[in-house]
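The next block holds one structure in the form of structure tokens; read it before the comments.
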Amino acid sequence: MANLSLVREEEPADQATDQRCLESPKYTCSLGGALAVITNINRIIPIIHAGAGCGQNQLLSFRMAAALQGIGYISGVNAPSTNMSENEVVFGGESRLRDQLRGTLDLIDGDAYFVVAGCIASMIGDDIDSVAREFAEEATPVLAVNASGFSGNSNTGYELVFETFIRKLVKPKPKVKGLVNIFGIVPYQDIFWRGNLRAIKETLNKLGLKVNQFIGDASGLDGIKNISAAELSIVISPWVGVKTAQLIEEKFDIPYITFPFLPSGPIDTSDFVRKVAQKLKIPKAKYEKLIAAEEAEAYNDLNIAGDSCAQFGPALPFNIVAGASTAVGITRYLTRLAGFTATQVIINDDPPEEVRDEIIKNLENLGGLQPKVVFEVDSWKIRQYLKKSNYRLLLATSQERYLAEAEGKIFLNVSFPANSRLVVRETYAGYGGGVAVIEHVLSKFIVP
């Protein structure tokens with residue numbers, strides 16, 4: 001650890017806890033992450049091969065806990081499922097899967113069909129790849145992935161789906177100049193994922209680039225197949241999407257870069273633009289012209305909000321509880337451009353040990369006090385950390401809402417699970433993303 005003023009703690013020192021229990025972690029299992037990706041790629045049809053109610057619980061929890069976002073073409077309660085029960089556990093589930101696949105292909109129009117297996121199918125050893133290959137002569141591709149809940153969390157499911165696409169579907173293509181892939185923003189785990197992807201895409205479009213967004217747009221199967229035509233893969237996360245980008249580099253000789261947090265506001269978004277532009281050897285005069293125009297607009301917006309910042313939030317102490325990318329991006333903006341004071345940052349999406357020092361480093365030297373940085377997924381422990389911290393504003397999940405309100409704090413829901421706001425197009429990314437955070441925070445202070 002580079003700076004001893006930043007504190008990493010595994011649990012509250014004076015609290016005896018039962019290490020066998022984990023209270024309400026802030027993510028779903030691998031099955032949920034896989035379904036979150038597949039159901040948001042246009043006209044890709046999921047076939048859930050898991051216990052009865054398992055997939056439905058995942059998909060409905062997204063609707064309620066991911067900022068009330070509605071279902072797409074085939075998702076939620078209309079997603080096909082084998083609903084495995086005692087019979088499949090005893091005799092195997094491959095026959096049931098075969099019947100479900102046949103019925104789904106006959107009844108539901110799609111561009112590709114994707115079997116997603118959960119815990120039961122994995123434990124009894126169903127060969128889902130073999131069943132999928134039986135449909136190889138169909139006009140539309142049939143893919144399969146084991147995304148058992150015990151294999152990891154929603155971020156793991158995200159990587160597994162893209163790995164399956166790349167290994168089984170994507171073929172080499174001639175490179176398209178200016179085409180880039182975007183990875184690292186996980187649907188629902190990032191409740192602003194639609195808006196964040198749009199903001200990143202719009203910024204890169206202004207740089208003259210074309211963007212493979214894959215999820216949340218109309219590109220669907222064509223977008224997936226064009227992965228191998230890109231000049232560069234861009235990962236916006238400290239680690240989610242890196243395995244995918246490395247696999248693409250290995251198979252198709254496409255380099256990748258990582259930007260380890262959500263670029264929010266003019267400073268970090270300009271750094272993001274420069275990093276991409278320099279990797280693609282875009283002329284400096286071109287990207288600096290774009291940066292100058294975007295920064296002028298962003299700082300003008302900030303100036304408009306400046307009086308309210310000075311009136312309601314000078315040096316406002318705040319805590320944030322969120323995934324690493326969101327927590328770091330928002331903290332960097334609010335401390336450097338809004339003049340708020342971050343007193344504690346709680347990272348709740350369980351980043352791997354090898355990227356934690358980098359996450360801490362990105363929270364150093366932001367001006368003012370150094371925040372305490374905690375990596376914790378247990379909701380009870382997070383509440384104990386919050387009770388010991390000094391803050392007036394809490395940016396967190398719905399699970400911390402009642403603690404904040406009981407103590408008279410200002411609360412804003414910014415991360416999963418989120419059931420106290422509706423999010424469709426909102427974004428905290430890009431040049432306009434930072435001032436959107438200020439709008440939402442300061443609106444909490446204004447009394448009618």
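The values are calculated or read from the model by the stated rules, or taken from the named source; none is laboratory data. In this text the structure is predicted, and so the values were computed from the model without any measurement. Cβ atoms come from the backbone with ideal geometry, glycine included; neighbour counts cover every protein chain shown. For accessibility, only protein heavy atoms count, side chains too; no ligands or nucleic acids. Shrake-Rupley method; radii C 1.70, N 1.55, O 1.52, S 1.80 Å.
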Listed residues Phe214, Phe252, Phe183, Phe165; which is within 20 Å of Phe416 (Cα to Cα) and of a type in the set (A, V, I, L, M, F, W, C)?
Phe183
Which residues, counting only those in the stretch 171-184, are buried (at least 17 other Cβ atoms within 10 Å of the Cβ) and free of Cβ contacts under 8 Å to residues at least 60 places away in the same chain?
Leu179, Ile182
Give the number of residues within the stretch 183-223 that are closer than 22 Å to Leu59 by Cβ and among the β-branched types (Val, Ile, Thr).
4
Mind telling me which of the residues Leu290, Leu204, Leu280, Leu247 ends up being under 28 Å from Ile359 (Cα atoms), touching a residue at least 12 places away in the same chain (Cβ under 8 Å) and in contact with a helix residue (DSSP H, G or I) (Cβ under 6 Å, 6 or more places away or on another chain)?
Leu247
Mind checking which residues of the stretch 79-95 are open to solvent by 70 Å² or more (accessible area, probe 1.4 Å) and without any contact (Cβ under 8 Å) to a residue 24 or more places away in the chain?
Glu86, Asn87, Val90, Phe91
Let me spell it out: the conditions are (1) open to solvent by less than 20 Å² (accessible area, probe 1.4 Å); (2) touching a strand residue (DSSP E or B) at 6+ places or on another chain (Cβ under 7 Å); (3) not β-branched (Val, Ile, Thr), and Gly195 meets all of them except one. Which number is the exception?
(2)
Here the residues within the stretch 299-313 that are surrounded by 15 or more Cβ atoms within 10 Å (Cβ to Cβ), part of a helix (DSSP H, G or I) and either among the aliphatic types (A, V, I, L, M) or in contact (Cβ under 8 Å) with a residue 40 or more places away in the chain (or both) are Asp301, Leu302, Ala305, Ser308, Cys309, Phe312
Within the group Thr331, Thr258, which residue is crowded, with 18+ Cβ neighbours inside 10 Å, of a type in the set (Ser, Thr, Tyr) and not in a helix (DSSP H, G or I)?
Thr258
When the stretch 96-122 is examined, which residues are found to be open to solvent by 30 Å² or more (accessible area, probe 1.4 Å), in contact with a Ser or Thr (Cβ under 8 Å, 6 or more places away or on another chain) and hydrophobic (A, V, I, L, M, F, W, C)?
Cys119
Output the residue which, of all residues in the stretch 123-144 that are touching a strand residue (DSSP E or B) at 6+ places or on another chain (Cβ under 6 Å) and outside any loop (DSSP other than H, G, I, E, B), is surrounded by the fewest Cβ atoms within 10 Å (Cβ to Cβ).
Asp129
Scan of the stretch 31-60 for residues that are within 14 Å of Ala144 (Cα to Cα) and in a helix (DSSP H, G or I), ordered by number:
Leu31, Ala34, Leu35, Val37, Ile38
Determine whether Val235 is closer than 30 Å to Ala34 by Cβ, at pLDDT 95 or above and open to solvent by less than 20 Å² (accessible area, probe 1.4 Å).
yes
If you go through the stretch 61-73, how many residues are open to solvent by 20 Å² or more (accessible area, probe 1.4 Å), assigned to a loop (DSSP other than H, G, I, E, B) and within 25 Å of Ala112 (Cα to Cα)?
4
So Phe214, is it at positive phi, under 18 Å from the mean Cα position of the chain (by Cα), open to solvent by less than 10 Å² (accessible area, probe 1.4 Å) and in contact (Cβ under 8 Å) with a residue 24 or more places away in the chain
yes
I'm told Gln246 meets every condition in (1) open to solvent by 20 Å² or more (accessible area, probe 1.4 Å); (2) closer than 28 Å to Ala322 by Cβ; (3) in contact with a Leu (Cβ under 7 Å, 6 or more places away or on another chain) except one. Can you identify the failing condition by its number?
(3)
